[in-house]
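K.L.:
Provided herewith is a single structure, encoded as structure tokens, for subsequent inquiry.
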Amino acid sequence: MTDKSTARRLGIAAALIFLSTVALLLGRQFSLGPIRPAPDWRTFGPPEAPVQIQEFTDFACPACRMAAGKIDEMMRVFGPGLHVSFKHYPLLNIHPWSLDAAAYADCAGEQGKFKAYADLLFEGQEKWGLAKAPPPEFADYAKRLKLDWAAMQVCARSEATKKRLRTDIAEGDLRGVTATPTFFINGRRAVGAAQLIDQAMKFDNILREAAKK
Amino acid sequence: MSETPIKIKISALLARLVVGGVFVYAGAVKALAPAEEFAYAIETYKVVGPKLALLAANVMPWVEVYAGLLLAAGVFTAPLALFNLAMLAFFELLLGQAWLRGLPITSCGCFGAGGSTSISQEFLQNLCLMCLAWVAFKFGRHWSVDQACAPAPEAGDAA
């Protein structure tokens with residue numbers, strides 16, 4: 001009798017564990033977790049904007065360069081309706097310097113020039129992207145923007161910067177990012193600039209209304 | 001064989017649901033976020049190194065969800081209530097040592113990286129949860145899966 005009762009309870013326990021595991025894994029797949037804010041220097045547009053875009057990007061990826069142009073264009077057209085956050089997702093197996101680029105971009109951000117430095121990184125990605133030795137472009141861009149390069153180097157090596165980048169990558173992994181650029185537009189996934197435009201069109205009315213205000 | 005008063009039954013049920021619910025919520029929030037985020041929160045306690053912190057960050061949220069869910073449902077209530085109580089005591093130790101050492105902890109990691117209160121508040125909150133877990137251990141068998149699955153003669157007796 002007791003064995004039967006224990007067996008039933010074990011069965012119910014196993015069912016609950018199985019169901020909760022499936023629910024959480026589905027939750028991960030559909031990005032239902034809490035939204036991790038990006039640092040201020042990597043966010044653009046009003047935080048309360050009706051359309052929220054999160055972009056997982058890699059500075060050495062040509063498709064990300066194209067997408068950056070599209071995002072800039074969208075920001076110009078729909079400014080008040082859009083809030084864009086950038087997350088780093090360097091594809092380390094094919095772009096050896098992407099992680100360094102992301103770190104320097106964040107450190108430029110700490111000095112108030114993330115966007116300008118990111119634009120230069122995208123512009124010159126063919127020069128530094130597949131370099132064999134540490135690319136001198138990172139320092140050149142810093143000098144062009146009158147950034148404190150020594151401070152940027154210290155910052156890029158700091159544990160806080162490394163942790164921030166690792167957490168971005170882990171978040172991308174968790175949300176099933178496998179290619180860059182991957183966007184989440186109000187939670188809906190889009191990979192590449194074409195899908196971004198396609199998804200954004202679904203919010204066209206909201207964006208236009210917000211842009212009129 | 002005396003009947004357990006209804007007030008105690010209700011209190012025990014609420015205790016089980018509150019402790020179980022808090023564990024399910026805390027675990028789910030962390031399981032749905034990158035493990036590294038929780039790992040960095042664990043590292044700030046300066047008790048374990050980065051590797052162990054990451055391992056704990058990968059395992060703990062799931063343990064919390066399972067333990068909380070089973071307790072709330074009342075499956076193996078007494079052992080699960082004890083297990084939850086032990087986890088709370090362990091968290092209390094971690095918080096206590098951080099409090100005493102004056103470690104600069106900005107997020108306790110209890111409910112993921114965001115929404116953290118001060119260490120002292122978390123410490124008190126854990127104490128309350130420990131009391132509730134004890135109530136669940138002592139009287140939590142009523143209105144539970146355990147009771148539903150129990151053989152008929154034991155169904156209505158006191159805890």
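Nothing in this text is a laboratory measurement; each read-out follows from the coordinates by a stated rule. Quantities reported herein were computed from a predicted structural model and do not represent experimental measurements. Methodologically, a virtual Cβ is constructed for each residue, glycine included, from the backbone with ideal geometry; neighbour enumeration extends over all protein chains shown.
K.L.:
On a full-extension model of 0.36 nm per residue, what is the gain between A:Q29 and A:N93, subtracting their alpha-carbon distance, rounded to one decimal in nm? Working shown, then result.
P.N.:
Numbers: separation 64, 0.36 × 64 = 23.04 nm, distance 2.36 nm.
Additional length available on full extension: 20.7 nm.
K.L.:
A follow-up question, please. In whole Å, how far is the Cα centre of region A:1-79 from that of region A:149-213?
P.N.:
Result: 11 Å between the Cα centres.
K.L.:
Oh, and also: Taking beta carbons within 10 Å but only from partner chains, what does the mean come to for residues B:83-95? The partial results should precede the final answer.
P.N.:
Working: counts 0, 0, 0, 0, 0, 0, 0, 0, 0, 0, 0, 0, 0.
If you average over the peptide's residues, the count of other-chain Cβ atoms is 0.
K.L.:
Give me the percent of DSSP beta bridges within chain A that run antiparallel, rounded to the nearest 5.
P.N.:
60 percent
K.L.:
While we're looking at this one, here's another question. With the contact rule set at Cα under 8 Å and sequence spacing of 6 or more, what percent relative contact order holds for region A:40-212?
P.N.:
Values: 264 pairs, mean separation 57.3, N = 173.
With pairs under 8 Å counted, the relative contact order is 33 percent.
K.L.:
Taking the Cα atoms only, what angle lies between the long axis of helix A:114-123 and the longest principal axis of chain A, rounded to 10 degrees?
P.N.:
It works out to around 80 degrees.
K.L.:
My understanding is that a pair violates if its Cα-Cα distance is over 18 Å; which of B:K7/B:K138; B:K9/B:K138; A:K87/A:K212 do that in this structure? Spell out each step's value before the answer.
P.N.:
On the way: B:K7/B:K138 14 Å; B:K9/B:K138 10 Å; A:K87/A:K212 29 Å.
Pairs exceeding the cut-off: A:K87/A:K212.
K.L.:
Please give the helix B:6-31 orientation as an angle from the longest Cα principal axis of chain B, in degrees from 0 to 90, rounded to the nearest 10.
P.N.:
The answer is roughly 30 degrees.
K.L.:
State the antiparallel share, in %, of DSSP beta bridges confined to the protein assembly as shown, rounding to the nearest 5.
P.N.:
Beta bridges within the protein assembly as shown, antiparallel portion: roughly 55 percent.
K.L.:
Expressed as a whole percent, how much of the Cα-Cα distance distribution for region B:6-144 exceeds 22 Å?
P.N.:
Of all Cα-Cα pairs in region B:6-144, 36 percent lie more than 22 Å apart.
K.L.:
Calculate the radius of gyration of the Cα atoms of region A:1-149 to one decimal place, then report Dmax, the largest Cα-Cα distance, as a whole number, both in Å.
P.N.:
Values for region A:1-149 (Cα only, Rg and Dmax): 22.4, 81 Å.
K.L.:
What average number of partner chain Cβ atoms lie no more than 10 Å from the Cβ of the residues making up A:169-180?
P.N.:
Mean shielding by partner chains, rounded to a whole number: 2.
K.L.:
How large is log10 of I(q)/I(0) for the protein assembly as shown at q = 0.07, 0.08, 0.15 Å⁻¹ when the intensity is taken from the Debye formula with one equal scatterer per alpha-carbon?
P.N.:
The calculated log intensity ratios at q = 0.07, 0.08, 0.15 Å⁻¹ are -0.43, -0.54, -1.23.
K.L.:
Putting +1 on Lys and Arg Cβ atoms and -1 on Asp and Glu Cβ atoms, find which of B:L95, B:A56, A:L32 reaches farthest to the positive end of the dipole of the protein assembly as shown.
P.N.:
Towards the positive end, the residue furthest out is A:L32.
K.L.:
Turning to a different aspect of this structure: Please find, in a Gaussian network model of chain A (springs between Cα atoms separated by less than 10 Å), the residue of A:L145, A:L16, A:L92 whose mean-square fluctuation is greatest.
P.N.:
Answer for the Gaussian network model of chain A: A:L16.
K.L.:
Now for a separate question. Could you work out how far helix B:119-139 tilts from the main Cα principal axis of chain B, as a 0 to 90 degree angle to the nearest 10?
P.N.:
Between the helix axis and the principal axis of chain B, the angle is about 20 degrees.
K.L.:
Assign unit charges at the C-beta atoms only (+1 for Lys and Arg, -1 for Asp and Glu), then state the dipole size of region A:40-212 relative to its Cα centre in Debye, rounded to the nearest 20.
P.N.:
It comes to approximately 40 debye.
K.L.:
Using +1 on the beta carbon of Lys and Arg, -1 on that of Asp and Glu, and nothing else charged, what's the dipole of region A:45-142 about the Cα centre, debye to 20? List each step's numbers first, then the result.
P.N.:
Details: 8 positive and 13 negative charges, 24 e Å.
Roughly 120 debye, rounded to the nearest 20.
K.L.:
Using +1 on the beta carbon of Lys and Arg, -1 on that of Asp and Glu, and nothing else charged, what's the dipole of region A:109-173 about the Cα centre, debye to 20?
P.N.:
220 debye
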